[in-house]
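What follows is one structure encoded as structure tokens, with my remarks underneath.
The values are calculated or read from the model by the stated rules, or taken from the named source; none is laboratory data. Every value quoted in this text rests on a predicted model; they were computed, and no experiment measured them. Here Cβ is always computed from backbone atoms with ideal geometry, including for glycine, and neighbour counts include all displayed protein chains. To get the accessible areas, we keep the full protein, side chains included, count just its heavy atoms, and leave off ligands, DNA and RNA. Shrake-Rupley method; radii C 1.70, N 1.55, O 1.52, S 1.80 Å.
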Amino acid sequence: MMLEVLGVKHGFRAGFFQKRVMVLDGLNFSVTRGSVFGLLGSNGAGKTTLIHLVVGLTKPVAGRITINDVCSLDRAAKSMLGYLPERPYFPDHLTGEGLLKYFGRLSGLTDDLIRKRIPETLEEVGLAKAGEVQLKKYSKGMLQRIGIAQAIIHDPELLVLDEPMSGLDPLGRKEMRELIIRLAARGKTVFFSSHVIHDVEMICDSVALLRNGKVARIGTIGELLSKGPLQTEIAFTGVVMDQVSCLYGLTSLQSIPDGLRGIVSGNDAVKDVIQALIKLNARILWVTPVRPSLEDLFIGETS
């Protein structure tokens, strides 16, 4: 495993009596090498706290986090990861190349290797023509990409990203998704948190949903969505709304250009609804399973 979180607990002391408030309470999960792993949760669920523990900025109250079987607090573990915080600050008087030179030296790279890695890294994140431009002239999307560049300048095995889609427009989110996919295709393991559920669903192999400091759900996208409610959309014509509005099992009725459509929950009810529609001389246009979304699952777990 590239990343393992084993019985991790963490919190802080608050109030007059300094009572410990737990933010994370017994987390257990692992991230396989070469995968894209998404971390979902409402504000205050503990996502950023967990990321700080993973990158070794904070020591857990209990439990252990390992990166490639090395404790996350060890220097050897930190050399294997690249990190992009949620709100990175980069000196805006620097150019893209200047920033990468700075972080390359912080990562322990030699000057010769830095000179070799800078054009390769800028090319990889789509900033090959912006290396000599000052950061104060970068757009939000460009700043996010140079943030990824500083995280991968030393060619780490694990990439940890805290809200990498935050504040990006649709085009910027698309570019960030494509960049993450390219990095994973090169064998990088990507571990990131996000509030943009659609993006997580599109690019992640596995997802963990945090709720009140615990893992409420975890699994591959397919496994999680297969546990959602089974629904079927039925579209039909030849009848009016009043004829079918009280039909048992048929909900969410809507008019469409060709007729009407509604939703049926469960397999057993589909046959009964279709038979009832046929008795009313309705013509069936289509019967389509409705795939639940990760957003439906997220809202159901956090509501």
(message) Residues that are touching a strand residue (DSSP E or B) at 6+ places or on another chain (Cβ under 6 Å), open to solvent by 60 Å² or more (accessible area, probe 1.4 Å) and not polar (S, T, N, Q): does the stretch 132-140 have at least one?
(response) yes
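Suppose the filter is β-branched (Val, Ile, Thr) and within 30 Å of residue 8 (Cβ to Cβ); does residue 244 pass it?
Numbers: β-branched (Val, Ile, Thr): yes; within 30 Å of residue 8 (Cβ to Cβ): no.
Criteria not met by residue 244.
Go through the residues of the stretch 192-201 one by one and say whether even a single one is at pLDDT 90 or above and either part of a loop (DSSP other than H, G, I, E, B) or of a type in the set (Ser, Thr, Tyr) (or both). Spell out the reasoning first.
Our first condition is that a residue be at pLDDT 90 or above; within the stretch 192-201, this holds for 192-193.
Retained after the next criterion (residues that are either part of a loop (DSSP other than H, G, I, E, B) or of a type in the set (Ser, Thr, Tyr) (or both)): 193.
For the stretch 192-201, residues at pLDDT 90 or above and either part of a loop (DSSP other than H, G, I, E, B) or of a type in the set (Ser, Thr, Tyr) (or both): present.
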(request) For the stretch 245-291, name all the residues that are among the hydrophobic types (A, V, I, L, M, F, W, C) and without any contact (Cβ under 8 Å) to a residue 12 or more places away in the chain. (result) 246, 278
(request) Taking only the stretch 214-225 into account, find how many residues are aliphatic (A, V, I, L, M) and either at pLDDT 85 or above or open to solvent by 80 Å² or more (accessible area, probe 1.4 Å) (or both). (result) 3
(request) Report yes if some residue within the stretch 168-179 is touching a residue at least 60 places away in the same chain (Cβ under 8 Å) and either in contact with a helix residue (DSSP H, G or I) (Cβ under 8 Å, 6 or more places away or on another chain) or in a loop (DSSP other than H, G, I, E, B) (or both); otherwise report no. (result) no
(request) Exactly one condition in (1) under 27 Å from residue 12 (Cα atoms); (2) touching a helix residue (DSSP H, G or I) at 6+ places or on another chain (Cβ under 6 Å) is not met by residue 90; state its number. (result) (1)
(request) Could you figure out which of (1) surrounded by fewer than 12 Cβ atoms within 10 Å (Cβ to Cβ); (2) more than 30 Å from residue 217 (Cβ to Cβ); (3) polar (S, T, N, Q) isn't true of residue 237? (result) (1)
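Which helices (runs of 4 or more DSSP H) does the stretch 55-167 wholly contain that include 1 or more residues that are without any contact (Cβ under 8 Å) to a residue 40 or more places away in the chain and within 20 Å of the chain's Cα centre (by Cα)? So that I can check it myself, show each step before the final result.
Values: elements: 75-78, 96-106, 111-124, 140-152.
Per the criteria, 140-152.
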(request) Scan the stretch 252-280 residue by residue and report those that are β-branched (Val, Ile, Thr) and either open to solvent by 70 Å² or more (accessible area, probe 1.4 Å) or over 12 Å from residue 232 (Cβ atoms) (or both). (result) 256, 278
(request) Can you confirm whether the stretch 52-69 contains a residue that is farther than 30 Å from residue 119 by Cβ and of a type in the set (Gly, Ala, Ser)? (result) yes
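Within the stretch 35-68, can you find the residues that are among the charged types (D, E, K, R), surrounded by fewer than 16 Cβ atoms within 10 Å (Cβ to Cβ) and touching a strand residue (DSSP E or B) at 6+ places or on another chain (Cβ under 8 Å)?
Of the stretch 35-68, the ones among the charged types (D, E, K, R) are 47, 59, 64.
Restricting the remaining residues to those that are surrounded by fewer than 16 Cβ atoms within 10 Å (Cβ to Cβ) gives 59, 64.
Hit for the stretch 35-68 is 64, nothing else.
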(message) Looking at residue 211 and the list (1) open to solvent by 80 Å² or more (accessible area, probe 1.4 Å); (2) out of contact with any strand residue (DSSP E or B) (no Cβ under 8 Å at 6 or more places or on another chain), which single condition is not satisfied?
(response) (2)
(request) Name every residue in the stretch 26-81 that is in contact with a helix residue (DSSP H, G or I) (Cβ under 6 Å, 6 or more places away or on another chain), aliphatic (A, V, I, L, M) and closer than 19 Å to residue 187 by Cβ, in order of residue number. (result) 36, 67, 70
(request) Search the stretch 13-34 for residues that are at positive phi and exposed (fewer than 10 other Cβ atoms within 10 Å of the Cβ) and pair each with any residue that is of a type in the set (Val, Ile, Thr) and in a strand (DSSP E or B) when their beta-carbon atoms are under 9 Å apart and the residues are at least 6 apart or on different chains. (result) 15/21
(request) Go through the stretch 242-277 residue by residue and tally those that are in contact with a Ser or Thr (Cβ under 6 Å, 6 or more places away or on another chain) and more than 24 Å from residue 226 (Cβ to Cβ). (result) 2
